[in-house]
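The values are calculated or read from the model by the stated rules, or taken from the named source; none is laboratory data. It should be emphasised that the depicted structure is a prediction, and the values quoted were computed from it without experimental measurement. Neighbour counts run over all protein chains shown; Cβ positions are idealised from the backbone, glycine included. SASA here: full protein model, heavy atoms, side chains in, ligands and nucleic acids out. Shrake-Rupley method; radii C 1.70, N 1.55, O 1.52, S 1.80 Å.
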Amino acid sequence: WLISQQIPQFEDVKFEAASLLSELYCQENSVDAAKPLLRKAIQISQQTPYWHCRLLFQLAQLHTLEKDLVSACDLLGVGAEYARVVGSEYTRALFLLSKGMLLLMERKLQEVHPLLTLCGQIVENWQGNPIQKESLRVFFLVLQVTHYLDAGQVKSVKPCLKQLQQCIQTISTLHDDEILPSNPADLFHWLPKEHMCVLVYLVTVMHSMQAGYLEKAQKYTDKALMQLEKLKMLDCSPILSSFQVILLEHIIMCRLVTGHKATALQEISQVCQLCQQSPRLFSNHAAQLHTLLGLYCVSVNCMDNAEAQFTTALRLTNHQELWAFIVTNLASVYIREGNRHQEVLYSLLERINPDHSFPVSSHCLRAAAFYVRGLFSFFQGRYNEAKRFLRETLKMSNAEDLNRLTACSLVLLGHIFYVLGNHRESNNMVVPAMQLASKIPDMSVQLWSSALLRDLNKACGNAMDAHEAAQMHQNFSQQLLQDHIEACSLPEHNLITWTDGPPPVQFQAQNGPNTSLASLL
């Protein structure tokens, strides 16, 4: 390093040495040695645009891995200004989009909006290599789509998502241009186009799951996982494992809704195996993994285990949206458990009160919080209060096409009207709930709706319709019971007892399944 400093014509060698040496330090967990090395290299590389930009990206990434997003954002801001000075609007856009991504992670939305507006203008005005231009557009649109999805705005995101899907189709038809850019500061790529393709599949799955188009989510998950398997044969990039884990996390939630608990459990085990291979991956996804196990426990009526999993997940996360999601589900567990956890339940409900001071800006989570309040009021026998909360959920879920929340709210309203003896109004709620649940498909809501339709038709003297609904209910019960028994018989079912440390390496066979279907009703 000292010799290379004294031989200026070896600048590329000098800066590459600094870059590789800092990577080596990081691999050996000597991050504190890597930082000053990179800072020194950045300081003396200002006359070499490619290396100056690359080293700024590298140090920003190092700060990001340490979760020091403020320092990373500062460096990316410096990089954007430097790129502007050396006449590289392309790399300026890369720096700004990377900064926008970190600001979204920090939930600094007031800073994100003007930054994304500026990025949009730069991307549209830049005339250069078509693949580079389209890749910038993909980066920009991915940020916009994930921003909408984080905010639970499933309907509002559709135009952006459509643009993103068209954009990736355009990239797939373009041939890589081997002509190098004239400006050395432009010698960067955001992602290989094969990785971009998987990423677009991934955000499409995220949208489909939130909207309640679960068959579409399954279709795009299959495509993405097939593409990932091919890529992983040739490429050991850690981002591919991250994509795979996020895809599995989403499809697991879909499986639990569609009544495929055994498959969901095997996929949770798959996530565990991926996390065993990478401590960083486990660190980033431990809370989500325990949340998924909590959801699985609810689906098989293991409520004590569900509580333990959700409590563990809360301890492991500082992500506000995930925290609100976990608390909402934990509250629903306590509501089903009756009077055992009254004090804790009241405390949780106050922390996710949708009427005032809701902790996150997500439209979807706030609508879900109204539903949970409605469920609590229903169990307390306060039916008018329950109706008010559920109508609020319906209003919010209809505004953003949140189909599953709509179906759940309709069937619970139908149940309330049935209890109150208003059979006509109950029928007006339950029939569309059943139609929507069939479209999703949501097995638990179908089971609940068919039971209500059976009782409604019996009460109204419609013997044939009552018989048909009873038959449907019997079919759903049998399917869910078989899946329940299969899931609880798997050795992976023992994962429900894991609440500490890294994922267990192997599972022991389960003695006997709990076949209670009480939770499904």
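Between Leu65 and Asp465, the simple spin-label model (points 7 angstrom out along Cα→Cβ) gives 6.4 nm.
Between Rg and the Kirkwood Rh of segment 363-438, both from Cα atoms, what is the Rg to Rh ratio?
Details: Rg = 11.4 Å, Rh = 11.9 Å.
With Rg and the Kirkwood Rh in hand, the quotient comes to 0.95.
Charge dipole (Cα centre; +1 on Lys/Arg Cβ, -1 on Asp/Glu Cβ; no other charges) of segment 384-497 amounts to roughly 420 debye. Legend: residues Glu385, Glu307, sorted from most to least accessible area (1.4 Å probe; ligands, DNA and RNA excluded), read Glu385, Glu307.
Convex hull volume of the C-alpha atoms in the chain, normalised per residue: 159 Å³. Helix 303-316 and the long axis of the chain differ in direction by around 20°, with both axes built from C-alpha atoms.
Tell me, what is the percent relative contact order of segment 88-208, built from C-alpha pairs under 8 Å that lie six or more residues apart? If you can, show how the numbers build up before the last one.
Working: 95 pairs, mean separation 36.3, N = 121.
Relative contact order, segment 88-208: 30 percent.
Out of all Cα-Cα pairs in segment 383-516, roughly what percent, to the nearest whole number, are more than 22 Å apart?
Values: 4531 of 8911 pairs.
The answer is 51 percent, as a whole percent.
Principal axis extents of the C-alpha atoms in segment 317-361 (largest first, rounded to whole Å): 30, 22, 13. Here the extension length gained between Gln127 and Arg315 equals 62.8 nm, from 0.36 nm per residue of separation less the Cα-Cα distance.
Three principal axis extents describe the C-alpha atoms of segment 169-267; from largest down they are 56, 26, 20 Å. Ignoring lysines fewer than eight residues from Lys108 along the same chain, the ones with Cα atoms less than 17 angstrom from its Cα are Lys67, Lys99. Here the Karplus curve 6.51 cos²θ - 1.76 cosθ + 1.60, taken at θ = phi - 60°, turns the phi angles of segment 472-479 into couplings of 4, 4, 4, 5, 4, 4, 5, 4 Hz, with x standing for Gly and Pro. Sketch the reach of a paramagnetic label on Glu23 as a point 7 Å from Cα along Cα-to-Cβ, and name the residues of segment 218-262 whose backbone nitrogen lies under 13 Å away. The answer is 236-238, whose backbone nitrogens lie closer than 13 Å to the label point. Label separation (Gln380 vs His356): 1.6 nm, computed from points 7 Å beyond Cα along the C-beta direction.
Would you kindly state how much longer the chain becomes between Arg39 and Asp235 on full extension, computed as 0.36 nm times their sequence separation minus their alpha carbon distance, in nm to one decimal? Walk me through the intermediate numbers first.
Values: separation 196, 0.36 × 196 = 70.56 nm, distance 2.99 nm.
Working it through step by step, the gained length comes to 67.6 nm.
Contact order for segment 38-93, expressed relative to its length and based on alpha carbon pairs under 8 Å spaced 6+ residues apart, stands at 26 percent.
Within a straight-line Cα-Cα reach of under 26 Å, Lys216 can be paired with the following lysines, leaving aside sequence neighbours fewer than 8 residues apart in one chain: Lys155, Lys158, Lys162, Lys193, Lys230, Lys232, Lys261, Lys395, Lys439.
Each pair of Cα atoms in segment 305-424 enters the Kirkwood radius, and Stokes-Einstein at 37 °C and 0.692 mPa s then converts it into a translational diffusion coefficient of 223 µm²/s.
Taking the charge dipole of segment 3-95 about its Cα centre, with +1 at Lys and Arg Cβ atoms and -1 at Asp and Glu Cβ atoms, the residue from Thr64, Ile44, Val31 reaching farthest to the positive side is Ile44. Split the accessible area of the chain by element, probe 1.4 Å, and carbon with sulfur accounts for 52%.
Overall, segment 322-379 carries a charge dipole of about 100 debye about its Cα centre when +1 sits on the Cβ of Lys and Arg and -1 on the Cβ of Asp and Glu, all other atoms neutral. The mean sequence distance of close C-alpha pairs (under 8 Å, at least 6 residues apart), as a share of the length of the chain, puts its relative contact order at 10 percent. Accessible area per residue for the chain is 46 Å², calculated with a 1.4 Å probe on protein heavy atoms, without ligands, DNA or RNA. Using the Cβ-Cβ distance between Glu111 and Gln46 with R0 set to 30 Å, the FRET efficiency works out to roughly 0.70. Computed extension gain for Arg424 through Glu486, at 0.36 nm per residue and net of the alpha carbon distance, reaches 18.4 nm.
When Rg is the radius of gyration of the Cα atoms in segment 21-81 and Rh is its Kirkwood radius, what does Rg/Rh come to? If you can, show how the numbers build up before the last one.
On the way: Rg = 11.0 Å, Rh = 11.5 Å.
Answer for segment 21-81: 0.96.
Could you state the angle between the C-alpha long axis of helix 320-336 and the longest principal axis of the C-alpha atoms of the chain, as a value from 0 to 90 degrees rounded to the nearest 10? It is inclined by approximately 20 degrees.
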